[in-house]
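Peer 1: Input: one structure, supplied below.
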Amino acid sequence: HGQAFLYSSVAETAYGAAQLRYDEHVKSLMAAGKSTEVADLSSRIKSVQASSSDSAKLQEFMHDGDEARRTRQFADAENSYRQAAELAEKSGAYNEILITALESLGGVYGLRGNFTDGDVTLHRALTVIEKTYGSGSPRAVQPLQLLAGNSLASKDFVAAQSYSQRALELSQKDMGLN
């Protein structure tokens, strides 16, 4: 506990000193008539703060979803993954987290027997994968496997085979076997 307090005190002191330097810098810019630069600097700082806040929220949503899924609280997992997907999509800068959130959400839908929403969500993940990594990316293997599982559970054996075959082909291509 002592180390955490020491770290916290040092960090707070350093942050306070940095804030004072920033305030002095802003005063000097204003005194030099550079209000446009002050506005630009302020805008960049707000953007970074918002981004780090979004990142922390995304991590929290994903962690909460993983924990809820692990303890078989699927409604809670669904809610957390949905929030992560919405935030990642809104921010536009977190495609990999969006993909992972959609895969997890689609998987939870499947666990709950909601194969229709699961399939729609997993197809959304495939769309984001294609836009991010290109067509035929091995990154598509996971959602294809989840789609195969949903199809199998809903007794759509033709679709299950098709999804499994596509996942296998992408895996073989990635390993240089195709």
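Peer 1: Answer yes or no as to whether GLN142 is in contact (Cβ under 8 Å) with a residue 24 or more places away in the chain, touching an Asp or Glu at 6+ places or on another chain (Cβ under 9 Å) and open to solvent by 80 Å² or more (accessible area, probe 1.4 Å). Outline the logic, then answer.
Peer 2: Details: in contact (Cβ under 8 Å) with a residue 24 or more places away in the chain: yes; touching an Asp or Glu at 6+ places or on another chain (Cβ under 9 Å): yes; open to solvent by 80 Å² or more (accessible area, probe 1.4 Å): yes.
Considered against the rule, which asks whether it is in contact (Cβ under 8 Å) with a residue 24 or more places away in the chain, touching an Asp or Glu at 6+ places or on another chain (Cβ under 9 Å) and open to solvent by 80 Å² or more (accessible area, probe 1.4 Å), GLN142 comes out as yes.
Peer 1: A further question follows. Please state which one of ALA68, ALA32, ALA88, ALA75 is hydrophobic (A, V, I, L, M, F, W, C), closer than 30 Å to SER104 by Cβ and surrounded by fewer than 16 Cβ atoms within 10 Å (Cβ to Cβ). Give the steps one after another, and end with the answer.
Peer 2: Details: ALA68 fails: surrounded by fewer than 16 Cβ atoms within 10 Å (Cβ to Cβ); ALA32 fails: closer than 30 Å to SER104 by Cβ; ALA88 fails: surrounded by fewer than 16 Cβ atoms within 10 Å (Cβ to Cβ).
None of the other options fit; the residue is ALA75.
Peer 1: Checking GLY136 against (1) open to solvent by 80 Å² or more (accessible area, probe 1.4 Å); (2) of a type outside the set (S, T, N, Q); (3) not in a helix (DSSP H, G or I), only one condition comes out false. Which one?
Peer 2: Every condition holds for GLY136 apart from (1).
Peer 1: Hey, another quick one. Within the stretch 96-118, track down each residue that is in contact (Cβ under 8 Å) with a residue 12 or more places away in the chain, assigned to a helix (DSSP H, G or I) and open to solvent by 40 Å² or more (accessible area, probe 1.4 Å).
Peer 2: Here is the first cut: in the stretch 96-118, the ones in contact (Cβ under 8 Å) with a residue 12 or more places away in the chain are 96-113, 115, 118.
Within this subset, residues satisfying the condition of being assigned to a helix (DSSP H, G or I) are 96-111, 115, 118.
Answer for the stretch 96-118, where residues must be in contact (Cβ under 8 Å) with a residue 12 or more places away in the chain, assigned to a helix (DSSP H, G or I) and open to solvent by 40 Å² or more (accessible area, probe 1.4 Å): GLU96, ILE97, THR100, LEU111, PHE115.
The values are calculated or read from the model by the stated rules, or taken from the named source; none is laboratory data. Just so you know, these numbers come straight off a predicted model, no measurement behind them. As a convention, Cβ positions derive from the backbone with ideal geometry for all residues, glycine included, and neighbour counts pool all protein chains shown. Calculation scope for accessible area: heavy atoms of the full protein, side chains included, ligands and nucleic acids excluded. Shrake-Rupley method; radii C 1.70, N 1.55, O 1.52, S 1.80 Å.
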